[in-house]
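Read through the structure below, which is laid out as structure tokens, and then see the notes.
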Amino acid sequence: MKHFDFFDLSKRSNLIIRRQVKTGIFYTCSLVLLITMVQSIPSMKTEINLNIPDREWDSTRPDRRVGWCAEACIQMAMTFYGHHISQSEINKAGKPEHSDLYMDDIDPALNQLSVRYITWNPSNRNIKMFVSWIKEMLDLRYPVLCGIKTYPDKHPRWFLDHFVLIVGYNDNGFIVNTNMYGQKEISFRKITSSKKGFSFKNKYNKYFARAITGVDTK
């Protein structure tokens, strides 16, 4: 008959317990180290800024009653590509029937000035996709000329009141050259709402944008 060695069994039990304790301490230390390393990694923030300064309307424009917002936006975008041109020349390139460039005058002006651009599909009425498209263009380092509403809405029959140049974005919103109030950061929530100020939102769900991709040298 085999006799148990209780002393040996006790030693083995203590050895197993010590190994388990050591293993537990190892895993605990590893977890603490991993958490510390993760916390030490700086948070990845999204920010694109083309560093295009805002410009106001030409103070020498013939009719001071109207603004040259489209002219100012085109001028800023062309300057970004190293082409310096006056707002007066831009206005003449569009051959408008009135004192300032309207929406339908913008493409003719861009074409006349040999400006390359990508057009937002006007049949797409999804404002979230519109915002995403602008971000994609900015990721490619293309400034985006956009039509925008101003609230309170003084012209409810129009789907845009003004033109701005969007020159960047971050996690909070777009960086917008307003050509009226300087460069502003407008949150994504604000720019898709009808709260006071600038917004893409309009009752027709129509959006206008041209991503300026370059200027051909003549």
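Restricting 74, 90 to those that are in a helix (DSSP H, G or I), surrounded by 19 or more Cβ atoms within 10 Å (Cβ to Cβ) and either out of contact with any strand residue (DSSP E or B) (no Cβ under 9 Å at 6 or more places or on another chain) or free of Cβ contacts under 8 Å to residues at least 12 places away in the same chain (or both) reduces the list to 90. As a summary of the residue check, residue 114 satisfies the conditions (1) under 25 Å from the mean Cα position of the chain (by Cα); (2) over 19 Å from residue 209 (Cβ atoms) except for the one numbered (1).
The residue of the range 48-57 that is surrounded by the fewest Cβ atoms within 10 Å (Cβ to Cβ), among those that are within 21 Å of the chain's Cα centre (by Cα) and assigned to a loop (DSSP other than H, G, I, E, B), is 51. When the strands (runs of 3 or more DSSP E) confined to the range 128-199 are screened for residues that are more than 21 Å from residue 51 (Cβ to Cβ) and not assigned by TED's automatic domain parsing to the domain that holds residue 66, none reaches at least 2 such residues.
For the range 113-127, state whether one or more residues are touching a residue at least 40 places away in the same chain (Cβ under 8 Å), under 20 Å from residue 200 (Cβ atoms) and basic (Lys, Arg). Yes, that holds for at least one residue. Residue 60 passes every criterion in (1) among the β-branched types (Val, Ile, Thr); (2) under 21 Å from residue 160 (Cβ atoms); (3) surrounded by fewer than 13 Cβ atoms within 10 Å (Cβ to Cβ) apart from (2).
The values are calculated or read from the model by the stated rules, or taken from the named source; none is laboratory data. These figures come from a predicted structure and were not determined experimentally. No Cβ is skipped: glycine too gets one built from the backbone with ideal geometry, and neighbour counts run over all protein chains shown.
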